[in-house]
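The values are calculated or read from the model by the stated rules, or taken from the named source; none is laboratory data. Owing to the predicted nature of the structure, the values given are computational and were not obtained by experimental measurement. Ideal geometry is used to build each Cβ from the backbone, glycine not excepted, and the neighbour counts take in all protein chains shown.
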Amino acid sequence: MTTPTAGARPDEVRRHNRTALLRRLHVTGPATRAALATELGLNRSTIKALVDGLAETGVVAERVPALRSGAGRPSLLVLPQPQAAVVVAVDVRVEQVAMAFVGLGGHILGRDSWNLHHRSREPAEVITHIADSVRLLADELDVTAVGVGVSVPGVVRRSDGLVHEAPNLHWTDVALGRRLSAVLKAPVRVGNDAELGALAEHVRGAARGSDDVVYVSADVGVGGGVISSGAPLRGSGGYVGELGHMVVRPGGRPCYCGSRGCWETEVGEAALCRALGLPEDVPRGAIVAELRSASPEALADRLAGFTEWLALGLVTAVNVLGPELVVLGDLFTALPEQVVDEVRRVVRHRSLVSRAVGGTRVVRSPLGRDAKLIGAAELAFEPVLDEV
């Protein structure tokens with residue numbers, strides 16, 4: 001837990017402790033007062049004052065645990081109240097938009113989604129549809145959102161939510177944060193989809209407890225997010241993580257970004273379709289069905305080239321970024337076990353950094369298609385936890 005700076009005023013200390021307590025409950029869930037005191041390094045009287053104050057305003061409640069152990073009176077659990085603070089999470093993909101209202105503690109209160117086709121992919125149409133869906137779902141749930149987080153597959157300026165470029169959406173210099181904030185009348189934060197996938201894994205997924213992580217996901221394109229020393233790695237202006245546009249095959253296939261031989265041209269959705277012998281425009285479900293129905297031996301042979309390119313890119317990422325953990329997200333989670341095993345083997349043996357740290361682990365995301373939606377919610381909650 002971070003501590004207030006020396007000389008901090010009492011109200012600053014109380015605010016810091018309150019935020020730390022709320023974040024602990026939001027991320028990890030219910031706990032007794034005694035457990036909170038131990039984990040946060042605070043005395044019991046401080047915890048009592050904080051919990052009593054939050055309970056008075058309806059942010060937390062205390063309940064008898066459903067499962068009791070031992071004799072005597074059980075300790076009450078402190079639980080975050082989901083509707084005490086609600087945010088909107090939006091995941092803009094190339095072919096679909098998913099949206100959810102998410103309450104304190106990460107509880108999904110309601111969802112909506114819709115497909116994108118041609119004109120409906122234009123920024124104005126996407127913004128209008130998001131705004132309409134937010135209003136309808138807010139009325140249905142009878143809640144008001146205090147913040148909005150948006151995931152976009154592109155290069156995003158975090159300071160104001162400008163989407164500098166989203167090649168697969170054909171977006172350039174879209175002021176998404178400002179425009180959405182104007183129509184939703186709420187603070188809007190926008191992030192790169194893979195960066196938010198990494199955030200989701202770090203807070204609620206496979207990377208909990210890991211300080212150095214690379215998250216790599218495949219949809220139509222390929223993106224990467226990095227957690228370094230326990231915090232998201234952000235480059236100049238917030239631009240970082242375009243692993244899909246590492247050039248791995250000079251003179252290779254043309255990429256949406258305007259370059260050639262980018263990693264995503266070898267391991268993105270279209271590349272996986274080619275390896276499986278499927279048309280490049282088949283629905284996602286058909287790709288997953290083929291991966292699940294074909295024999296392991298046949299798949300290993302058909303995906304040999306794809307596997308080699310996936311491992312090659314990960315070796316480069318591991319050597320540059322030095323993670324203890326690599327999390328594979330989105331379409332990569334559907335890859336057969338023998339493919340992931342081969343990738344693990346190559347990363348372990350061909351990456352100098354992996355050998356130095358005793359072997360970088362490569363795992364599938366347990367969050368599935370929700371990873372970036374969860375990350376968008378956590379992005380929205382970051383400032384909210386200071387204000388609840």
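A few points about this structure:
- Qualifying residue in region 268-277 (condition: loosely packed, with under 14 Cβ neighbours inside 10 Å and free of Cβ contacts under 8 Å to residues at least 24 places away in the same chain): no
Yes/no matrix, rows are residues, columns are (1) at pLDDT below 90; (2) among the basic types (Lys, Arg); (3) in the same structural domain as residue 310 (by TED's automatic domain parsing):
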residue	(1), (2), (3)
257	yes, no, yes
260	no, yes, yes
278	no, no, yes
282	no, no, yes
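- Hey, residue 334 among the small types (Gly, Ala, Ser), under 30 Å from residue 112 (Cα atoms) and in the same structural domain as residue 113 (by TED's automatic domain parsing) or not: no
- Subset of region 63-101 [part of a strand (DSSP E or B) and modelled with pLDDT under 95]: 63, 96
- Within region 207-239, if we keep just the residues that are within 24 Å of residue 97 (Cα to Cα) and among the small types (Gly, Ala, Ser), the residue that is surrounded by the most Cβ atoms within 10 Å (Cβ to Cβ) turns out to be 225.
- Condition met for residue 291 (surrounded by fewer than 21 Cβ atoms within 10 Å (Cβ to Cβ) and either in contact (Cβ under 8 Å) with a residue 40 or more places away in the chain or touching a strand residue (DSSP E or B) at 6+ places or on another chain (Cβ under 7 Å) (or both)): yes
- Output for region 113-153, where each listed residue is surrounded by fewer than 19 Cβ atoms within 10 Å (Cβ to Cβ) and under 18 Å from the mean Cα position of the chain (by Cα): 113
- Test: residue 322 is among the small types (Gly, Ala, Ser) and on the phi > 0 side of the Ramachandran plot: yes
- When restricted to residues that are buried (at least 19 other Cβ atoms within 10 Å of the Cβ) and of a type in the set (Lys, Arg), region 158-178 contains 1.
- Output for region 105-150, where each listed residue is among the acidic types (Asp, Glu) and either assigned to a helix (DSSP H, G or I) or farther than 20 Å from residue 370 by Cα (or both): 122, 125, 132, 139, 140, 142
- Boolean, residue 337 is under 17 Å from residue 207 (Cβ atoms) and either surrounded by 16 or more Cβ atoms within 10 Å (Cβ to Cβ) or of a type outside the set (Gly, Ala, Ser) (or both): no
- For region 130-163, the set of residues classified as more than 22 Å from residue 243 (Cβ to Cβ) and of a type in the set (D, E, K, R) consists of 132, 135, 139, 140, 142, 160, listed by residue number.
- Meets criteria (in contact with a Lys or Arg (Cβ under 9 Å, 6 or more places away or on another chain), closer than 30 Å to residue 126 by Cα and among the aliphatic types (A, V, I, L, M)) for residue 98: yes
- Restricting region 272-291 to residues that are among the small types (Gly, Ala, Ser) and out of contact with any helix residue (DSSP H, G or I) (no Cβ under 6 Å at 6 or more places or on another chain), the residue that is nearest to residue 116 (Cα to Cα): 285
- Some residue of region 358-365 being out of contact with any strand residue (DSSP E or B) (no Cβ under 8 Å at 6 or more places or on another chain) and of a type in the set (S, T, N, Q): no
- Restricting 181, 210 to residues that are in a helix (DSSP H, G or I) and either over 13 Å from the mean Cα position of the chain (by Cα) or modelled with pLDDT of 95 or more (or both) narrows the list to 181.
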